[in-house]
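The structure under discussion appears below in the form of structure tokens.
The values are calculated or read from the model by the stated rules, or taken from the named source; none is laboratory data. Keep in mind that this is a model prediction, so the values were computed, not measured. Cβ: placed from backbone, ideal geometry, glycine included. Neighbour counts: every protein chain shown. Side chains included, ligands, DNA and RNA excluded: accessible areas come from the protein's heavy atoms. Shrake-Rupley method; radii C 1.70, N 1.55, O 1.52, S 1.80 Å.
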Amino acid sequence: MIKQLVASILLASSSLSFAQQPTAPVPSATLPTPTPGQVVQQQPQAIPAAPQLAATGYILVDATTGAIVAEFNSSERLPPASLTKMMSSYLVVDEIEKGRISEDSLVNISVKAWKMGGSRMYVKEGTQVPVIDLLRGVIIQSGNDATVALAEYVSGNEDAFVDLMNQTAARMGMTNTHFENSSGWPAEGHLTTAKDLAVLARAIINDHPTHYPLYAEKHFTYNNIRQPNRNTLLFRDDAVDGLKTGHTDEAGYCLVASAKRDNTRFIAVVMGTANERARAAETEKLLAYGFRYFQTTPLYQAGQQVGTSRVWAGQADEVSLAIPKDIVLTLPKGREQSLQAKMHINEVIKAPIAVGQELGNLTVELDGQLLVNTPIVAVQAIEEAGFFARLLDNLKLFFRNLFS
């Protein structure tokens, strides 16, 4: 009887591969599907250097992936002027979307808000203005008065709101940013960087998509005064839908702009240009470079099954394998077919297995450069098999290892 059992085990083990052979990844349409041993070759497109802009500092970032496509002096701390209001508007929208305040809530206009100089919404002291109107006054008209009024409404006073601004900047990873006020009014130590502003712009776009269309509105009228959005690119390029301008004598003319074409969205931050026309023209150059030579490329969706693998000592013989999170890359245009995707699965996978348990990893390379190294996880839970089934599988493993 024992000889027969051993013989059956030897027969079963002889049919097993001595290494795990999971099914190949199921790529999205953007990944190559070469046959075994075939290598897809594609001549890389020549990509020129990014344009040099007449600006103190700038950066071009993929809004989806955060990849930096071009930059110059992007970590130099500079005065942001009214680009500061991006953080103020982010916090107000965050309060709205979390249900702490309402768009229709009425804000009392203080003497301090009413007296603010510079660009204004022209609110009057002692009146009450809805939050949403003030928010448009901040985003479209760049109103210093509207900004202070909202800061006081959200936090009780502007100083407390500025503390919240700095806490939020730290949480976002804006490591070279410090705010002294809510509006960008010139103040010693009120500094940020092009790179930090790109981080903030991504947060505005990705965290609050419901309210992001406010940044694309071209005009706003309040108190019978109609003012245009100071972002002139909104009037010249249909792909541009935000975000904010800034100007002081110290900061020069600054612009954070975002544009989307097809599935690709770029954020351009340009600081310290000579005049209003220059900040628009230099930003256009940066966006044109990004869209000409790069694209956002989705590779895998979270939960997408990429294969199956053998399970030992389990109530099921196979486990499905998946990618736990979305994988999206910024790639030079036309290079997606040169990507090399490989799965690396644990040699022996034994039950019990939990949902989401890491069982290997997936790598994606381009021209020998590692772009992605992400876990591969179990799609379903698999319980241990009964005693005799476990014993049989363990004996199979023993003989497999013995003859490998």
For the stretch 179-310, averaging the sequence separation of alpha carbon pairs under 8 Å that lie six or more residues apart and dividing by its residue count, the contact order in percent is 16
Long-range alpha-carbon pairs in the stretch 57-108, meaning those over 12 Å apart, account in percent for 75
Contact order relative to length for the stretch 328-404, counting C-alpha pairs under 8 Å separated by 6 or more residues, stands in percent at 26
The answer for Thr127, listing residues at least 5 apart or on another chain whose modeled amide H is closer than 5 Å to its amide H, is Ile109
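Arg230: net charge of surrounding residues, Cβ under 9 Å, Lys/Arg +1, Asp/Glu -1, itself excluded? Intermediate values should be presented prior to the final figure.
On the way: positive: Lys244; negative: Glu276.
Result for the local shell: 0.
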Tilt, helix 144-155 to longest principal axis of the chain (alpha-carbon atoms), in degrees rounded to tens, equals 60
Taking a crude spin-label model, label points 7 Å out from Cα along the C-beta direction, the Ala281 to Val111 distance in nm is 4.7
Rounded to one decimal in nm, the spacing of the 7 Å Cα→Cβ label points at Phe388 and Asp104 is 7.2
So, relative contact order of the stretch 177-234 in percent, Cα under 8 Å, 6 or more apart, is 18
The extension gain from Ala316 to Ala354, computed as 0.36 nm times the residue separation minus the Cα-Cα distance, is 12.4 nm
Helix-only [θ] at 222 nm, the chain, -39500 (n - 2.57) per DSSP H run of 4+, per residue, nearest 500, equals -9000 deg cm²/dmol
Two pseudo-spin positions, 7 Å from Cα along C-beta at Thr374 and at Ala302, lie apart in nanometres by 1.1
With a ≥ b ≥ c from the Cα gyration tensor eigenvalues, square-rooted, and the rule rounded for a/c under 1.5, otherwise prolate when a/b > b/c and oblate otherwise, the stretch 229-279 is prolate
Residue-normalised value, i.e. accessible area per residue, for the stretch 69-173 at 1.4 Å probe, in Å², stands at 39
If R0 = 35 Å, then Asn223 and His178, at their Cβ-Cβ distance, give a FRET efficiency to the nearest 0.05 of 0.55
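Among 129-141, 181-193, how do they line up from the highest to the lowest mean number of other beta-carbon atoms within 10 Å?
129-141, 181-193
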Among [x] 39; [y] 43; [z] 25, the entry matching percent of Cα pairs over 36 Å apart as calculated here is [y]
On the accessible surface of the chain, probed at 1.4 Å with all protein chains in place, carbon and sulfur together account for a percent value of 50
Residue-normalised value, i.e. accessible area per residue, for the stretch 248-344 at 1.4 Å probe, in Å², stands at 41
A chain fully extended from Thr363 to Ser75 at 0.36 nm per residue, minus the present Cα-Cα distance, gains in nm 100.6 nm
One finds, for Ala160 and Asp326 with R0 = 41 angstrom and r their Cβ-Cβ distance, a FRET efficiency to the nearest 0.05 of 0.65
The distance between the Cα centres of the stretch 325-404 and the stretch 99-167, in whole Å, is 53
